[in-house]
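A short reminder: the numbers here are calculations on the coordinates, not readings from a lab. Computed from a predicted model, the values in this text were never measured in an experiment. We place every Cβ from the backbone using ideal geometry, glycine too, and count neighbours over all the protein chains shown.
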Amino acid sequence: MIRPRGDPPSADRWIDTVAAILLAMAAVATAWSSYQASRWTGEQAEAFSAANAARVESTRASDLANAQAEIDVATFSQWVDAHLHDDQEVADFYEQPFRDEFQPAFHAWLGTDPFDDPSAPPSPFAMPEYRLAASEHARRLESTANASAEQARQNVQRATNYVLGVVLFAIALFFAGISTKLPRTRLRAVILGVGCVVFIVTAIWIATFPISLSI
């Protein structure tokens, strides 16, 4: 920029001072936002990994619950067949290996007099006492997986917001830098003012974001 010899006008000195301060603050803010964007990208990767691990374990638990239910259905069917044929010895043979989780539902079902009362539940599997720990464990793991996936999506949005913050701070840097190169004081002041507004608004917005730190 071409200026007359001697000390610069006071307005130009003021603009230069503000521009220097804005350049320094915007540079620090850009570095901070870049760091936070990187941190939240890592956080979302960890959350997605946790969600995937929980879903794998949920699938295993669900498969176990299905296998246990098949065993319960098979042994119960054999028991019913023996009972209907009045073969108590065979019925006792199939009742003996009933699984511990099936026993409460089976005895509760017998208490409803199912063979004589048409309003009784059709089988022990319709009883509220029939609960599979593996199935409940699978549901808990699925809930955990959903929560982790939602957390990952939030972390993705946070990383994206910080990246946008980097872009906006870079714009503020651009305006601060170009304001020192223009020949006209009024134009310099306008450009610097735009840069200050962009910086302040972005800084206020960034201040509302959560912070991720690692030492």
### Query
Using the per-residue mean of other Cβ atoms lying within 10 Å as a proxy for protection, in what order, highest first, do the peptides 50-58, 181-189 fall?
50-58, 181-189
#### Entry: Note, ³J(HN,Hα) from phi for segment 12-24, Karplus 6.51, -1.76, 1.60, rounded to Hz, x at Gly and Pro
5, 4, 5, 4, 4, 5, 5, 4, 5, 5, 5, 4, 5
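For segment 43-132, what is Rg from Cα atoms divided by 2.2 N^0.38 Å, rounded to two decimals?
Output field value: 1.50.
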### Query
Which of the following values of Rg and Dmax of the Cα atoms in Å was calculated from the structure shown: (i) 16.0, 47; (ii) 35.3, 119; (iii) 19.5, 75?
(ii)
### Summary
By Cβ neighbour count within 10 Å, fewest first, 16, 92 rank 92, 16
#### Entry: Approximate spin-label separation residue 17-residue 174, in nm, with each point projected 7 Å along Cα-to-Cβ
2.9 nm
### Query
Across segment 56-64, in residue order, what do the Karplus-derived ³J(HN,Hα) couplings come to in whole Hz, using 6.51 cos²θ - 1.76 cosθ + 1.60 with θ = phi - 60° and x for Gly and Pro?
4, 5, 5, 5, 4, 5, 5, 4, 5
### Query
Going by how many other beta carbons lie within 10 Å of each one, how would you line up 130, 35, 162, fewest first?
35, 130, 162
### Query
From a point 7 Å beyond the Cα of residue 71 in the direction of its Cβ, which residues of segment 121-154 have a backbone N at a distance under 14 Å?
132-135
### Task
Whole Å is fine, so just give me how far the alpha carbon centre of segment 18-87 lies from that of segment 116-167.
9 Å
